[in-house]
Amino acid sequence: MNRVNLLAVLFMGLILGLWEVFVRIMAVPIFILPPPSSIFAVALVQAPLILPHALVTLTEIVMGIGLAVCTAIPLAIVMFAKPTLEKAFAPFLVASQAIPVFAIAPLLVVWLGYGIASKVFMAWIIIFFPICVSLLEGFKSCDPEFRVLFRLMGASFFKTLRLLYWPWALPRFFAGLKVGVTVATIGAVIGEWVGAQQGLGFLMIQSNARLQVDIVFAAILWLTAMGLAMWWLVGILEKKVITWK
Amino acid sequence: MLQIVSATKFFKGQKIFSKLDLTVAKGCFHVIVGPSGCGKSTLFDGLTGVFPLDEGSLSWNHETLLSLKDHASYMQQKDMLLPWFSLLDNALLPAKTGGQDIKKATKQARSLFQRLGLKGYESHFASQVSGGMRQRCALVRTLMFNRDLILLDEPLSALDTITRRSLQSLLLLLQTEFKKTILMITHDIEEALLLADEIYLFSKRPMSISRHFVLDSPKPRKFNDPTLLNIKADVLDKLEGDLIHEQG
């Protein structure tokens with residue numbers, strides 16, 4: 001383990017330790033703020049209860065990511081190829097981010113139902129933007145001298161895209177994807193809060209109502225672990241794809 | 001034959017050059033020498049159509065053209081190798097983008113790698129080899145355009161002196177072995193003297209041809225060739241005169 005990782009672990013340990021000590025000394029009731037030790041215990045002991053919900057949320061997030069990637073890439077390419085279309089689409093893209101997801105979550109549940117579709121859609125709205133914008137910026141950041149070289153070679157747009165723009169933009173694409181996967185949990189969980197029959201968000205709302213705060217925290221712990229795992233997986237994928245850096 | 005007649009270019013209302021005439025006969029190696037910032041690269045941008053000429057005409061093999069885009073290959077100071085491709089794949093770019101037969105092109109590229117001293121480095125990446133090797137690879141890529149006219153824009157000026165000397169002999173191969181017609185820009189007078197059939201000495205803005213030298217000593221040449229030394233003295237005199245004139 002290198003120095004930075006060690007520091008991160010130490011810092012985390014310090015915060016959790018302070019939390020634990022504070023709760024114990026002040027004798028905070030468990031339904032207000034449980035100590036970290038019991039959160040970890042509950043997260044493990046109650047795994048049979050939590051895991052099926054976590055799996056649902058994970059499915060929603062992964063589908064949201066898949067959908068976002070599949071739509072963001074073509075749109076970024078279209079906007080890059082035709083700047084007039086970029087101008088036309090940009091207000092909608094920004095608007096899709098400016099509207100708080102909380103505001104449209106109830107509508108989406110009405111339109112798409114209590115099932116997984118409304119949550120996938122929520123996740124998609126949130127993830128789509130950073131991927132699309134960073135990919136587009138990646139295309140645009142391509143050195144003009146390389147564009148000239150490809151022009152002189154008589155390359156078509158799609159050949160230039162495949163051989164030049166796409167690899168050029170890949171690091172930015174992954175940066176966007178990393179942002180996307182970490183915020184994806186927000187979309188899915190908000191969707192589940194508003195109306196669902198399963199999922200970590202649903203479990204949190206239910207447990208909160210029953211003052212089972214330790215379960216709420218355990219669900220948050222699982223959610224965080226999922227977010228971290230996805231971040232880590234994207235990092236691995238990035239290293240596999242971008243071999244030249 | 002490459003013929004440039006009365007080429008004129010303005011930039012933001014300022015005259016970069018005007019009524020520039022230049023001819024390169026088929027199979028010849030002509031070199032443009034001039035102080036940096038005089039607009040030599042702008043001339044090439046005009047020839048390749050990146051920033052088209054404002055006035056004047058271009059012709060290649062008696063065919064009048066708007067630009068040399070589809071007729072010339074181009075090499076510049078930066079090697080412009082893509083970091084995600086191996087050296088061989090970089091050299092194959094013109095073949096891939098131009099829809100050439102890849103199998104045939106690969107064979108051609110491999111033999112060029114051998115000829116230009118890159119054998120064994122086909123699967124290396126640009127980041128793994130020296131600046132001189134990278135420029136050799138850029139030279140292979142330039143040849144892989146399979147076009148008869150080559151424009152060289154200070155192709156060796158980023159290299160150290162020793163590497164530059166060895167690559168100069170490869171540039172000579174473009175003419176002697178590959179039978180290309182070449183127009184090169186450089187600010188290295190000795191390089192021009194070693195390679196050129198004719199030297200155009202350019203003056204500062206507005207850029208114009210201040211001297212024209214014809215060199216007929218056989219190639220490969222040596223630096224101590226007295227005719228070359230005479231021309232070199234002439235060129236330096238002229239450049240110095242321009243500088244003094246500029247300061248006065």
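Here residue B:5 fulfils each of the conditions (1) within 14 Å of chain A (Cβ to nearest Cβ); (2) aliphatic (A, V, I, L, M); (3) outside any loop (DSSP other than H, G, I, E, B) apart from (1).
Just one of the numbered conditions (1) part of a helix (DSSP H, G or I); (2) modelled with pLDDT of 90 or more is not true of residue A:183: (2). Within the stretch B:159-217, the set of residues being part of a strand (DSSP E or B) and small (Gly, Ala, Ser) comprises just one member, B:210.
Every condition in (1) touching a strand residue (DSSP E or B) at 6+ places or on another chain (Cβ under 8 Å); (2) buried (at least 17 other Cβ atoms within 10 Å of the Cβ); (3) more than 24 Å from residue B:33 (Cβ to Cβ) is met by residue B:124 except one, and the failing one is (2). Does residue B:62 fit the bill of being over 21 Å from the mean Cα position of the chain (by Cα) and not aromatic (Phe, Trp, Tyr)? Spelling it out, residue B:62 is indeed over 21 Å from the mean Cα position of the chain (by Cα) and not aromatic (Phe, Trp, Tyr). In this structure, residue B:238 does not qualify as basic (Lys, Arg) and either in contact (Cβ under 8 Å) with a residue 40 or more places away in the chain or touching a helix residue (DSSP H, G or I) at 6+ places or on another chain (Cβ under 7 Å) (or both). Of the helices (runs of 4 or more DSSP H) lying entirely inside the stretch B:77-152, those containing at least 1 residues that are under 19 Å from the mean Cα position of the chain (by Cα) and within 13 Å of another protein chain (Cβ to nearest Cβ) are B:87-91, B:93-97, B:131-144. Of the residues that make up the stretch A:75-86, is at least one closer than 20 Å to residue A:210 by Cβ and touching a residue at least 24 places away in the same chain (Cβ under 8 Å)? No. Of the candidates A:175, A:169, A:155, the single residue that is in a helix (DSSP H, G or I), more than 28 Å from residue A:108 (Cα to Cα) and within 14 Å of chain B (Cβ to nearest Cβ) is A:169.
Screening the candidates A:124, A:111 for the property of being under 30 Å from residue A:198 (Cβ atoms), touching a helix residue (DSSP H, G or I) at 6+ places or on another chain (Cβ under 9 Å) and either exposed (fewer than 12 other Cβ atoms within 10 Å of the Cβ) or among the acidic types (Asp, Glu) (or both) yields one hit, A:111. Would you say residue B:4 is among the hydrophobic types (A, V, I, L, M, F, W, C), touching a Ser or Thr at 6+ places or on another chain (Cβ under 6 Å) and under 28 Å from residue B:240 (Cβ atoms)? No: the conditions fail for residue B:4. Just a yes or no: is a residue in the stretch A:191-199 assigned to a helix (DSSP H, G or I), among the aromatic types (Phe, Trp, Tyr) and surrounded by fewer than 21 Cβ atoms within 10 Å (Cβ to Cβ)? Among the residues of the stretch A:191-199, at least one is assigned to a helix (DSSP H, G or I), among the aromatic types (Phe, Trp, Tyr) and surrounded by fewer than 21 Cβ atoms within 10 Å (Cβ to Cβ), which makes the answer yes.
The values are calculated or read from the model by the stated rules, or taken from the named source; none is laboratory data. Because the structure is a prediction, the values reported are computed rather than measured. Positions of Cβ are backbone-derived with ideal geometry, glycine not excepted, and every protein chain shown enters the neighbour counts.
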